[in-house]
Amino acid sequence: MSEYLIMDLIIFSGPFLASFDSNLRFIRYWRIALVSITLIGAVYIAWDIWATSRGHWQFNPEYVASFRFFGLPIEEILFFMVVPYAGLFIWKTIQFYRKDKDDHLPFVPLRSSVLLAGVGGAMWIGKGYEYTALAAWSGALFFAADHFLKTHLTNTVTYWLTQCMMVLATLVFNGFLTARPVVLYGEAFQLGLRIYTIPVEDFLYGFGLMSWVMLVFVVLTKDKGK
């Protein structure tokens, strides 16, 4: 069993087992969670396939299985399933223990955030920093979608607490992936700034992934009247 696969199992096992807790009962959302994760995961897997073919990153064969799906090891495919599941579990757990009394933030700088990400992305793409630009644009598009779909995730404390938890998880698990290294990056496609061994773009990438999954989850639960 590869080290990357072991990491995937560690990420998934705790939240999955805790999903059956009789108080939280997160498992009751399994259908909506599966749809949300699959829809957004498919987009990010397609991005991953393209990025790998471009040389944004590669996978060290010493730490992954030999089976590949369009150039991606099976562990990478599973990453887009287990990480969002763990993130949704954290989000709903925080909601539960806050007793659904989420404090709404009075102001979120939507326009400035979208503008900065959009302009920054355009500048970075012009310099060849494709990973940086795409990661920034994914966040900008989410901010815009959150506003126009009236999901208002970014106006809630719970959303930002969840993102803080995901940053901590990124430091641990992406820290492992980049320190071994399981993932090898093409420096020409990014700014070259790192926190520990993690490119700053990975934090934006994870932010976008989790944000989009949460947004789809909210849209689907509204449609179900939950």
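The values are calculated or read from the model by the stated rules, or taken from the named source; none is laboratory data. Owing to the predicted nature of the structure, the values given are computational and were not obtained by experimental measurement. Here Cβ is always computed from backbone atoms with ideal geometry, including for glycine, and neighbour counts include all displayed protein chains.
Taking the stated definitions as given, is Lys99 under 17 Å from the mean Cα position of the chain (by Cα), modelled with pLDDT under 95 and not hydrophobic (A, V, I, L, M, F, W, C)? Before you say what the answer is, go through the steps one by one.
On the way: under 17 Å from the mean Cα position of the chain (by Cα): no; modelled with pLDDT under 95: yes; not hydrophobic (A, V, I, L, M, F, W, C): yes.
The answer is no for Lys99.
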Return a yes/no flag: does the stretch 96-104 have any residue that is in contact with a strand residue (DSSP E or B) (Cβ under 8 Å, 6 or more places away or on another chain), outside any helix (DSSP H, G or I), of a type outside the set (S, T, N, Q) and loosely packed, with under 13 Cβ neighbours inside 10 Å. yes
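Those residues that are buried (at least 17 other Cβ atoms within 10 Å of the Cβ) and farther than 18 Å from Ile45 by Cβ, I need them from the stretch 183-196; list them, please. Walk me through it before giving the result.
Of all residues in the stretch 183-196, those buried (at least 17 other Cβ atoms within 10 Å of the Cβ) come to 183, 185, 189-190.
Hits for the stretch 183-196 are Tyr185, Phe189, Gln190.
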Taking only the stretch 144-156 into account, find how many residues are assigned to a helix (DSSP H, G or I) and either surrounded by 21 or more Cβ atoms within 10 Å (Cβ to Cβ) or in contact with an Asp or Glu (Cβ under 8 Å, 6 or more places away or on another chain) (or both). 3
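Just to be sure before I move on: is Leu204 assigned to a strand (DSSP E or B) and touching a residue at least 24 places away in the same chain (Cβ under 8 Å) in the structure I sent?
Details: assigned to a strand (DSSP E or B): no; touching a residue at least 24 places away in the same chain (Cβ under 8 Å): yes.
No; evaluated as a whole, the condition is false for this residue.
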Collect the residues in the stretch 18-42 that are closer than 18 Å to Ile94 by Cβ and in a helix (DSSP H, G or I), keeping them in residue-number order. Ala18, Phe26, Ile27, Arg28, Tyr29, Ile32, Ala33, Ser36
Within the stretch 28-45, can one find any residue that is surrounded by 15 or more Cβ atoms within 10 Å (Cβ to Cβ) and farther than 30 Å from Phe96 by Cα? yes
Regarding Ala133, is this residue within 28 Å of Gly192 (Cα to Cα), assigned to a helix (DSSP H, G or I) and in contact (Cβ under 8 Å) with a residue 12 or more places away in the chain? yes
